[in-house]
Amino acid sequence: MSILTIIPAYNAADFLPKLLERLSKIHPLEDSVVVNDGSSDDTELRALEFNVNVIKHNENRGKGVALVSGFQFAHQKNYDGVITLDADLQHPPEYIPNLLERAQEGGFDMVIGSRRHALKDIPLPRRFSNYTTSVITSMLTKTFIEDSQSGYRYISRNVIAGVQLTEPGYQLETEIIIKAARAGFKIGFTPIPVIYNNSPSAMNHVKDTLKFIRLTLRSLFY
């Protein structure tokens with residue numbers, strides 16, 4: 001398979017060089033794209049130091065919009081699928097082969113890196129949020145979803161072409177699960193480690209929880 005790695009990046013200058021160095025040992029950087037989502041630091045300059053494609057948003061538009069920009073790039077370049085991973089080193093690129101092997105062995109259209117095996121290592125507020133959203137997403141899709149909030153994923157070209165995405169923020173990661181499952185695409189999981197590096201989170205748990213509730217209500221009418 002031809003695979004594009006997509007890295008949404010917002011003020012990730014401190015982490016991006018290390019990530020790209022590690023990624024280069026696993027995956028060709030020319031088959032990678034960094035989506036600079038309106039960063040105010042040197043994120044774009046750090047990306048341009050490597051042989052990687054860069055998409056620039058002039059203002060911060062949200063992780064969902066950044067992912068869609070990456071999906072559109074992958075579609076235009078005829079990649080068979082994508083790997084999405086965060087820029088802050090919470091998703092070790094060394095696990096990319098695990099995602100791809102799981103997809104090929106299980107015939108999955110989407111494989112999500114799951115932290116379910118290590119819930120005790122996740123801070124309590126995030127653990128509660130992840131558990132709640134995963135349960136609700138499982139109910140909405142009638143599919144057992146181990147980890148709805150993990151952004152470390154393999155997504156096939158068919159899923160990218162087959163679902164229409166509208167959420168601009170983190171909720172897109174749940175939206176694509178719901179719409180892919182309802183469209184009949186097969187979703188699998190593979191374990192990944194829990195890594196936190198004290199980087200500031202762009203998530204606002206109260207605001208994003210309210211947005212998730214709005215998404216779930218809207219999804220009843222998809």
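The values are calculated or read from the model by the stated rules, or taken from the named source; none is laboratory data. Computed from a predicted model, the values in this text were never measured in an experiment. All Cβ positions, glycine included, derive from the backbone under ideal geometry; neighbour counts span all protein chains shown.
Just a few scattered comments:
- Given (1) in contact with a Gly (Cβ under 7 Å, 6 or more places away or on another chain); (2) under 26 Å from residue 188 (Cα atoms); (3) without any contact (Cβ under 8 Å) to a residue 24 or more places away in the chain, number of the condition residue 72 does not satisfy: (1)
- Unmet criterion (only one of (1) surrounded by 16 or more Cβ atoms within 10 Å (Cβ to Cβ); (2) part of a loop (DSSP other than H, G, I, E, B); (3) modelled with pLDDT of 90 or more) for residue 155: (2)
- Residue 32 closer than 22 Å to residue 160 by Cβ, at pLDDT 95 or above, in contact with a Lys or Arg (Cβ under 9 Å, 6 or more places away or on another chain) and not aromatic (Phe, Trp, Tyr): no
- So residue 56, is it surrounded by fewer than 19 Cβ atoms within 10 Å (Cβ to Cβ), more than 16 Å from residue 160 (Cβ to Cβ) and in contact with a Pro (Cβ under 9 Å, 6 or more places away or on another chain): no
- Enumeration of residues in segment 1-16 that are in contact with a Phe, Trp or Tyr (Cβ under 8 Å, 6 or more places away or on another chain), more than 19 Å from residue 168 (Cα to Cα) and either among the basic types (Lys, Arg) or surrounded by 15 or more Cβ atoms within 10 Å (Cβ to Cβ) (or both): 3, 4
- Note on segment 39-53: residues that are small (Gly, Ala, Ser) and either closer than 24 Å to residue 2 by Cβ or surrounded by fewer than 17 Cβ atoms within 10 Å (Cβ to Cβ) (or both) total 2.
- Among the residues examined, residue 130 does not qualify as over 21 Å from residue 65 (Cβ atoms), in a helix (DSSP H, G or I), at pLDDT 95 or above and not aromatic (Phe, Trp, Tyr).
- Residues that are farther than 18 Å from residue 135 by Cβ and in contact with an Asp or Glu (Cβ under 6 Å, 6 or more places away or on another chain) were ranked within segment 166-212; the one that is modelled with the lowest pLDDT is 199.
- Where strands (runs of 3 or more DSSP E) sit wholly within segment 1-117, those with at least 2 residues that are more than 30 Å from residue 138 (Cβ to Cβ) and of a type in the set (A, V, I, L, M, F, W, C) occupy 32-37, 53-57.
- For residue 63, the conditions (1) under 19 Å from the mean Cα position of the chain (by Cα); (2) basic (Lys, Arg); (3) farther than 22 Å from residue 173 by Cα all hold with the exception of (3).
- Qualifying residue in segment 15-28 (condition: on the phi > 0 side of the Ramachandran plot and out of contact with any Pro (no Cβ under 7 Å at 6 or more places or on another chain)): no
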